[in-house]
Amino acid sequence: MKYLDVGDHAFASGPTFLRPDSFLAALSQTRRVRDAWHVRAVWRQFARGARIGAKVRLGAAARLINRNVPEAAEIGDESVVRGILRLESGGRLAIGSSVYIGDGCILSVMDSIEIGAGTLLAHGVQVFDNDTHPIDAEERVTDFRKKLGYKLPKPIAIGHSPVRIGRRCWLGMNSIVLKGVTIGDDTIVASGSVVVESLPSRAVAAGNPARLVRMLDLG
């Protein structure tokens, strides 16, 4: 079987799947016709919208929404994606090799998000390089009406700034990283933390807003 079986992980929802080159290849991984069609559909969405490295695995619930060119999204070798990756027009996403993006994760890209090799995002982690809505209340209403299909009287500005997450980091479950943040290599963000300011390498941070708890001695 050519899938990554993580059924013994309490918070992972089922296996992840290598890119199938045919329906029969998908069926050999899933063993069920309906699941094989679904896995192929998930992979088609990613293949159309990103440059994908070797031995990348996708969960059945993974999604990629790319409103930019396909070259704007890159997923490195042997990474696993279970969550949702969304690129707005102009957004750029670079995911390094051996990165894990768990169930329920959301990456929202309006500017750029970079994630270094070997970094783990536990289930429910959210990384936003943008405010998602305007700060001005009237503009928020106007922006929402756009989503309902109305034409905007003028362009709406939404704040955004790049996010950089280093190599071998670990972001605990349900933690949040907001726009303009840089997280150094090997840093751990505790579960439920909200990161609004940059963190150094080899640090442990926790809280809302996240604060430095201690530095790691990694030898």
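The values are calculated or read from the model by the stated rules, or taken from the named source; none is laboratory data. Everything numeric here is computed off the predicted structure, so don't read it as measured data. Using ideal geometry, Cβ is built from the backbone for each residue, glycine included, and neighbour counts are taken over all protein chains shown. When the accessible area is computed, the model is the full protein with side chains, heavy atoms only, and any ligands, DNA or RNA have been set aside. Shrake-Rupley method; radii C 1.70, N 1.55, O 1.52, S 1.80 Å.
Considering only Gly96, Val125, Val33, and ranking their Cα positions along the charge dipole of the chain that arises from unit charges at the beta-carbon of Lys, Arg, Asp and Glu, the one farthest toward the positive end is Val33.
Evaluating 6.51 cos²θ - 1.76 cosθ + 1.60 at θ = phi - 60° for every residue in region 65-77, the Karplus couplings come out as 10, 10, 8, 10, 6, x, 5, 6, 10, 9, 10, x, 3 Hz, glycine and proline recorded as x. Taking only the Cα atoms of region 125-219, the radius of gyration and Dmax are 16.8, 58 Å. With a ≥ b ≥ c taken as the square roots of the eigenvalues of the C-alpha gyration tensor of the chain, please select rounded if a/c is under 1.5 and otherwise prolate if a/b is larger than b/c or oblate if it is not? In terms of gyration-tensor shape, oblate. A simple rule links phi to the HN-Hα coupling: the Karplus curve 6.51 cos²θ - 1.76 cosθ + 1.60 with θ = phi - 60°, which for region 114-131 gives 10, 10, x, 4, x, 7, 10, 10, 5, 4, x, 5, 10, 10, 10, 9, 8, 7 Hz, with x for Gly and Pro.
For region 188-196, backbone phi angles converted through the Karplus equation (6.51, -1.76, 1.60; θ = phi - 60°) give residue-by-residue couplings of 10, 10, 5, 4, x, 6, 10, 8, 10 Hz, Gly and Pro being listed as x. Solvent exposure of region 38-93, expressed per residue, is 45 Å² of accessible area, with all protein chains present and a 1.4 angstrom probe. Taking all protein chains in place and a 1.4 Å probe, what share, in percent, of the accessible surface of the chain do carbon and sulfur account for? Whole-percent figure for carbon plus sulfur exposure: 53.
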